[in-house]
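Participant: One structure follows; several queries about it will come next.
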Amino acid sequence: QLQLVESGGGLVQPGGSLTLSCTASGFLLDYYRISWFRQAPGKEREGVSCISVSGLTTNYADSVKGRFTISRDNPKNTVYLQMNRLKPEDTAVYYCAATEPAMTMGTISSCDFSGMDYWGKGTPVTVSS
């Protein structure tokens, strides 16, 4: 089965840090753009961060820019989201998603939040004192 599994969520105090992991099984993330999304209770899902196939390009939502960092470790078939200076408004279920673009010089060096093919089940993050 082709799966993405998130881990690392939990309860953290405001100002704290948390690192989420997304590990793929059944396929290699080497050829995929990876994105992190989140969905807070009663709100629509939003894109948080993405990383290109090459790893050379990353994008972030304005709300997390400067606080979150996305990275990939292809030998481990894993993508990470390091979250620092967490705020209560960061509370949400965080999802990892992947899409395989055509392998061109342009697509391997770009990313956005569109056309996700595979999704994890999510890991909840609660930021509260």
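The values are calculated or read from the model by the stated rules, or taken from the named source; none is laboratory data. Remember, it's a predicted structure, so these values are computed and weren't measured experimentally. Here the Cβ is made from the backbone with ideal geometry for all residues, glycine too, and neighbour counts use every protein chain on show. Side chains are part of the model used for accessible areas, which takes the heavy atoms of the whole protein and leaves out ligands, DNA and RNA. Shrake-Rupley method; radii C 1.70, N 1.55, O 1.52, S 1.80 Å.
Participant: Between exposed trypsin sites (Lys or Arg not before Pro) in the chain, where DSSP calls loop and at most 11 other Cβ atoms lie within 10 Å, what's the longest gap? Don't jump to the answer; show the numbers that get you there.
Facilitator: Details: sites that count: K43, K65, K121.
Here the longest run is 66-120.
Participant: What number comes out for accessible area per residue over the chain if the probe is 1.4 Å? Units Å², please.
Facilitator: 51
Participant: Also: Cut-off 19 Å, label point 7 angstrom out along Cα-to-Cβ of A61: give me the residues of the stretch 6-37 whose amide nitrogen falls inside.
Facilitator: Label zone hits: 6-22, 34-37.
Participant: Under 16 Å from a label point 7 Å along Cα→Cβ of Q3: give me every residue in the stretch 86-112 with its amide N that close.
Facilitator: Taking a point 7 Å out along Cα→Cβ of Q3, the residues of the stretch 86-112 whose backbone N falls under 16 Å are 96-97.
Participant: Mind listing the phi-derived Karplus ³J(HN,Hα) values for the stretch 42-56, rounded to whole Hz, using 6.51, -1.76 and 1.60 with θ = phi - 60°, and x for any glycine or proline?
Facilitator: Residue by residue, the stretch 42-56 yields x, 10, 6, 5, 10, x, 9, 7, 9, 9, 6, 4, 5, x, 7 Hz.
Participant: Taking 41 Å as R0, compute the FRET efficiency from the Cβ-Cβ separation of S114 and L11 and round it to 0.05.
Facilitator: 0.80
Participant: Something else now. So which lysines pass the test for K87, namely a Cα distance under 26 Å, with those fewer than 8 places away in the same chain ruled out?
Facilitator: In chain and number order, the partners are K43, K65, K121.
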